[in-house]
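*Asks:* Mind looking over this structure? Questions follow.
The values are calculated or read from the model by the stated rules, or taken from the named source; none is laboratory data. Treat the numbers as computed from the prediction; the structure is a model and nothing was measured. Backbone-built Cβ (ideal geometry, glycine too); neighbour counts: all protein chains shown. The accessibility values were calculated without ligands, DNA or RNA, using every heavy atom of the protein model including side chains. Shrake-Rupley method; radii C 1.70, N 1.55, O 1.52, S 1.80 Å.
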Amino acid sequence: MKLHQKLLVPLLAVFLAVVGYVYLAWIPALRDDAEAEVLNTLSHHLDSISEGLVPLMLASQIDVVHENMNALLATNPDWREVIVTDKAGRQIFPLIGKKPPPPTPDQVLHRFDKPVSIGPVELGRLTVVVDRGPGVQRLRQRMSELGVAFVVLALIMLVGAMVVLEGAVLVPVRRLALASKALARRDFSTPLPQASADEVGTLVSTFAEMRESRRETEQALQDKTAELERSNIELEQFAYVASHDLREPLRQVSSYVTLLERRYADKLDDEAREFIAFARDGAERMNQLIVDLLEYSRIGRIERPRETVVLRQVVDDAVLPLGVEIETAGAEVAVDASVDAAPPVPGYREELVRLLQNLVHNAVKYRRPDCPPRIAVSAATGADGVTVSVADNGIGIAPEHFERIFMIFQRLHTRAQYSGTGIGLAICKRIVEHHRGRIWLQSTPGQGSTFHVFLPFGDA
Ligand code: ADP
């Protein structure tokens with residue numbers, strides 16, 4: 001129900017109740033009171049006439065009685081009959097017993113019977129029959145005019161109230177509602193109603209202040225975002241150029257070391273060859289470090305729209321490039337049916353492939369020497385998202401390292417034991433955070449580890 005309907009319904013109800021009361025109770029009561037007042041006044045008037053008859057009756061001035069009564073009949077057209085009798089009950093006016101005309105239906109006859117007396121001594125009686133028909137008719141007419149005037153007045157007041165309400169409340173509220181809807185769409189330009197000096201005006205000016213402060217915040221945020229995007233692009237270019245420029249001399253070192261080895265092969269002893277191998281290995285590791293660092297720095301830097309990612313495809317794309325490594329290690333990677341059943345998640349496909357590749361790669365790499373790696377990839381679908389798990393039967397991790405291993409360059413082993421740069425899990429953590437998810441693990445040293453990754457459906 002709209003606001004004006006909500007206001008109109010009670011106003012109409014009050015209007016009808018007032019009109020009903022006026023027509024059914026107030027006007028009839030007013031009419032009855034007025035009629036009673038008229039009859040009362042008439043009765044007093046007849047009392048004074050009967051008092052006036054006393055001296056005339058005492059002096060037996062019948063002709064004067066006649067004169068007076070005829071004069072009264074002439075001046076009061078609504079008096080139908082006047083009868084004066086003496087104390088013996090004989091009619092002394094009118095002398096001839098004129099029969100009054102039979103009453104018509106619109107006549108309302110009232111009969112007044114007054115004694116003509118001095119103290120307790122009654123000298124005769126005065127009887128007057130008055131027709132109140134025309135009087136009552138006039139009274140009714142006036143009362144219905146009064147009722148109509150009242151209804152018209154109440155109607156004018158009702159319409160006036162609605163017009164005032166429309167102008168002072170409903171129109172500004174409607175425009176304010178439009179402006180708030182527009183504000184929700186970040187449109188700050190919708191014109192606002194004039195702020196009047198009442199409560200609605202306060203609402204309008206408060207809304208205007210709120211909108212202005214929101215506009216300023218939004219503007220500041222936009223400026224900041226633009227600045228951040230600019231600096232991100234600059235940083236991206238810097239990282240790319242720096243990595244390119246750093247890798248170039250490394251390539252030079254590598255190729256000259258190789259050249260040295262090839263050209264002077266017959267002149268080099270075993271120790272010199274070992275030194276050259278160390279130098280090449282160092283250059284290669286440095287190269288890998290730069291590549292990994294560049295990748296780490298790129299994750300989530302430039303915000304792109306998310307895609308709908310099918311987990312099974314991500315797992316397949318992650319495992320495929322590890323084929324040689326898996327085969328060499330005699331490993332088995334089993335992808336559970338729950339991965340096929342998992343619903344698609346919003347995300348960045350390439351990043352998720354990289355995430356799973358790192359986990360499966362580690363599961364193969366950190367195997368126990370005595371048993372071939374058995375790796376299981378599964379998924380569990382919850383109300384808020386999907387949890388992907390990669391379980392292995394490798395060397396396991398002690399619980400005190402559970403946090404540390406996700407930090408950059410944190411390794412639990414020497415290079416001689418297991419190769420690596422210590423960036424892989426840091427990259428995984430960053431990718432998961434970019435997806436607003438979570439990464440954690442369960443592990444028993446000597447038995448194996450399970451890494452869990454929660455990927456939410458929404459932005460929560
Ligand atoms: P990297 O493998 O290059 O050393 P990561 O960041 O991938 O770097 O891993 C950090 C450390 O976590 C590793 O050095 C290793 O000790 C431990 N680790 C990671 N994955 C596993 C796993 N599946 N089983 C046992 N240890 C692991």
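*Asks:* Going by amide H atoms built from the backbone, whose H comes under 5 Å of the H on Glu81, apart from near neighbours?
*Replies:* Val129
*Asks:* Please work out the average accessible area per residue across segment 160-303, using the 1.4 Å probe convention, and give it in Å².
*Replies:* Ligands and nucleic acids excluded, the result is 70 Å² per residue.
*Asks:* Further, regarding this structure: Plugging the Kirkwood radius over Cα pairs into Stokes-Einstein for the chain, at a temperature of 37 °C and a viscosity of 0.692 mPa s, what D comes out in µm²/s?
*Replies:* In µm²/s, the coefficient is 96.
*Asks:* Counting only pairs 8 or more residues apart or on different chains, how many lysine pairs in the chain have their Cα atoms under 30 Å apart?
*Replies:* For the chain, qualifying lysine pairs total 10.
*Asks:* Sort 119-132, 9-22 by packing, meaning the average of other beta carbons within 10 Å per residue, with the highest value first.
*Replies:* Highest to lowest by the protection proxy: 119-132, 9-22.
*Asks:* Taking amide hydrogens as modeled 1.01 Å from N in the peptide plane, which residues meet the under 5 Å criterion relative to Gly385, leaving out close sequence neighbours?
*Replies:* Hits under the 5 Å cutoff: Phe457.
*Asks:* What is the distance, in nm, between label points placed 7 Å from the Cα along the Cα-to-Cβ direction at Glu284 and at Ile96?
*Replies:* Distance between label points: 15.8 nm.
*Asks:* Now for a different question. For Ser60 and Ala88, what is the calculated FRET efficiency with R₀ set at 22 Å and r taken between the beta-carbons, to the nearest 0.05?
*Replies:* 0.95
*Asks:* Can you give the angle from 0 to 90° between the axis of helix 62-75 and the longest principal axis of the chain, with both taken from C-alpha atoms, to the nearest 10?
*Replies:* Once rounded, one gets 30 degrees.
*Asks:* Return the long-range amide H neighbours of Ala342 (sequence gap of 5 or more, or a different chain), with a cut-off of under 5 Å between placed amide H atoms.
*Replies:* The list, which skips near neighbours in sequence, is empty: none.
*Asks:* Of all accessible surface on segment 263-329 at a 1.4 Å probe, what whole percent is carbon and sulfur?
*Replies:* Taking all protein chains in place, segment 263-329 shows 56 percent carbon and sulfur surface.
*Asks:* Moving to a separate point now. When only Cα pairs under 8 Å and 6 or more residues apart are kept, what is the percent relative contact order across segment 187-280?
*Replies:* After rounding, I find 17 percent.
*Asks:* Determine the principal axes of the Cα atoms in segment 1-102, then give the extent along each, sorted from largest to smallest and rounded to whole angstroms.
*Replies:* Dimensions of segment 1-102 along the principal axes of its Cα atoms: 84, 29, 24 Å.
*Asks:* Can you compute 3J(HN,Hα) from phi for each residue in segment 186-194, using the Karplus curve 6.51 cos²θ - 1.76 cosθ + 1.60 with θ = phi - 60°, rounded to whole Hz and x for Gly and Pro?
*Replies:* Ordered by residue, 3J(HN,Hα) equals 6, 9, 9, 9, 4, x, 9, x, 4 Hz.
*Asks:* Of all alpha-carbon pairs in segment 314-390, indicate the percentage at a distance above 17 angstrom.
*Replies:* Everything past 17 Å amounts to 45 percent.
*Asks:* I'd like to compare 341-348, 140-147: which one has the highest average count of other Cβ atoms within 10 Å, and what's the full order after that?
*Replies:* 341-348, 140-147
*Asks:* Using each residue's phi in segment 22-39, evaluate 6.51 cos²θ - 1.76 cosθ + 1.60 at θ = phi - 60° and report the 3J(HN,Hα) Karplus result to the nearest Hz, with x for Gly and Pro.
*Replies:* The phi angles translate into 4, 6, 8, 10, 5, 5, x, 5, 4, 5, 5, 4, 5, 5, 4, 5, 4, 5 Hz.
*Asks:* In nanometres, what is the gap between the two model label sites at Val14 and Leu259, each 7 Å from Cα along Cα-to-Cβ?
*Replies:* Between Val14 and Leu259, the label points sit 10.2 nm apart.
*Asks:* Moving on to the next point. Arg411 label point, 7 Å along Cα→Cβ, cut-off 18 Å on backbone N: hits in segment 266-297?
*Replies:* 277-296
*Asks:* In whole Hz, what ³J(HN,Hα) sequence does segment 346-354 give by Karplus (6.51, -1.76, 1.60; θ = phi - 60°), x for Gly and Pro?
*Replies:* Once θ is set to phi - 60°, the couplings for segment 346-354 become x, x, 10, 3, 4, 5, 5, 4, 4 Hz.
*Asks:* Could you compute the FRET efficiency for Ile276 and Glu209, with r as their C-beta to C-beta distance and R0 at 51 Å, rounded to 0.05?
*Replies:* Taking R0 as 51 Å, the efficiency between Ile276 and Glu209 is 0.10.
*Asks:* Can you sort His4, His244 by 1.4 Å-probe accessible area, starting with the largest?
*Replies:* His244, His4
*Asks:* Moving to a separate point now. Full extension from Asn70 to Val121: what is 0.36 nm times the residue separation minus their Cα-Cα distance, to one decimal in nm?
*Replies:* In short, 15.8 nm is gained.
*Asks:* Over the heavy atoms of Leu455, what accessible area does a 1.4 Å probe trace out, to the nearest 10 Å²?
*Replies:* 10
*Asks:* Students often check this: by mean Cβ neighbours within 10 Å, which of 365-377, 390-402 ranks highest, and how do the rest follow?
*Replies:* 390-402, 365-377
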